[in-house]
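Visitor: Below you will find the structure I want to go over with you.
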């Protein structure tokens, strides 16, 4: 009986072996604000021209559709002349003609390598601050375009 107890105790000690703690590197935050100088000039130029092209549609009522080299399939499918004309009508009534966009900050998504360019959009009437966000994926294609009210700090 004593041998059985000792054998059970030894098996219990073997079964309850302590695990070694592994030290993991701290996880990167999902998004980080980076300097615009850290982004390739060609990517900045492309984001600016594509974003401005969408907003200029409101002034000219002519939209040149995105190509597969400029945007992802979902953006091409969702950015239609009909949808843009509805949004543009609301914006022109409320804010007046579109004037210009200026780069305010660049965010990098550390998970998928995409960049979000935040532009301050200026309109004829200056009472509301508007923002245009252009998301460029790792293939340098527009993966999202969003217009919203300006918020000073995102992260």
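Visitor: List, please: which pairs have Cβ atoms under 8 Å, are six or more places apart or on different chains, and start with a residue in the stretch 35-53 that is farther than 18 Å from residue 72 by Cβ and end with one that is part of a helix (DSSP H, G or I) and modelled with pLDDT of 95 or more?
Guide: 36/44
Visitor: So how many residues does the stretch 98-143 have that are on the phi > 0 side of the Ramachandran plot and touching a helix residue (DSSP H, G or I) at 6+ places or on another chain (Cβ under 8 Å)?
Guide: Number satisfying all stated conditions: 1.
Visitor: Additional query: Quick check on the stretch 140-155: of everything there that is assigned to a loop (DSSP other than H, G, I, E, B) and touching a residue at least 12 places away in the same chain (Cβ under 8 Å), which residue is nearest to residue 87 (Cα to Cα)? Write out each step before concluding.
Guide: Kept after step one, since they are assigned to a loop (DSSP other than H, G, I, E, B), are these residues of the stretch 140-155: 140-141, 150-155.
Still in the list and also touching a residue at least 12 places away in the same chain (Cβ under 8 Å): 140-141, 150-151, 154-155.
On the way: 140: 26, 141: 23, 150: 17, 151: 20, 154: 24, 155: 28 Å.
Step by step, filter the stretch 140-155, then rank; the result is 150.
Visitor: Follow-up. Restricting attention to the stretch 59-74, and to residues there that are under 12 Å from residue 143 (Cα atoms) and part of a loop (DSSP other than H, G, I, E, B), which single residue is nearest to the chain's Cα centre (by Cα)? Even if it seems obvious, please write down each step before you answer.
Guide: Step one: list which residues in the stretch 59-74 are under 12 Å from residue 143 (Cα atoms), which gives 66, 68-74.
With part of a loop (DSSP other than H, G, I, E, B) added as a condition, the list becomes 66, 68-70, 72.
On the way: 66: 19, 68: 19, 69: 19, 70: 16, 72: 14 Å.
Checking each candidate, the answer is 72.
Visitor: Sticking with this structure for a sec: Please determine whether any residue of the stretch 77-90 is assigned to a loop (DSSP other than H, G, I, E, B) and either under 23 Å from the mean Cα position of the chain (by Cα) or surrounded by 16 or more Cβ atoms within 10 Å (Cβ to Cβ) (or both).
Guide: Filtering the stretch 77-90 for residues assigned to a loop (DSSP other than H, G, I, E, B) gives 79-80.
Imposing the further condition that a residue be either under 23 Å from the mean Cα position of the chain (by Cα) or surrounded by 16 or more Cβ atoms within 10 Å (Cβ to Cβ) (or both) reduces the set to 79-80.
Checking the stretch 77-90: at least one residue is assigned to a loop (DSSP other than H, G, I, E, B) and either under 23 Å from the mean Cα position of the chain (by Cα) or surrounded by 16 or more Cβ atoms within 10 Å (Cβ to Cβ) (or both).
The values are calculated or read from the model by the stated rules, or taken from the named source; none is laboratory data. Being a predicted model, the structure only gives us computed values, none of them experimental. A quick note on method: Cβ atoms are made from the backbone with ideal geometry, for glycine too, and the neighbour counts reach across all protein chains shown.
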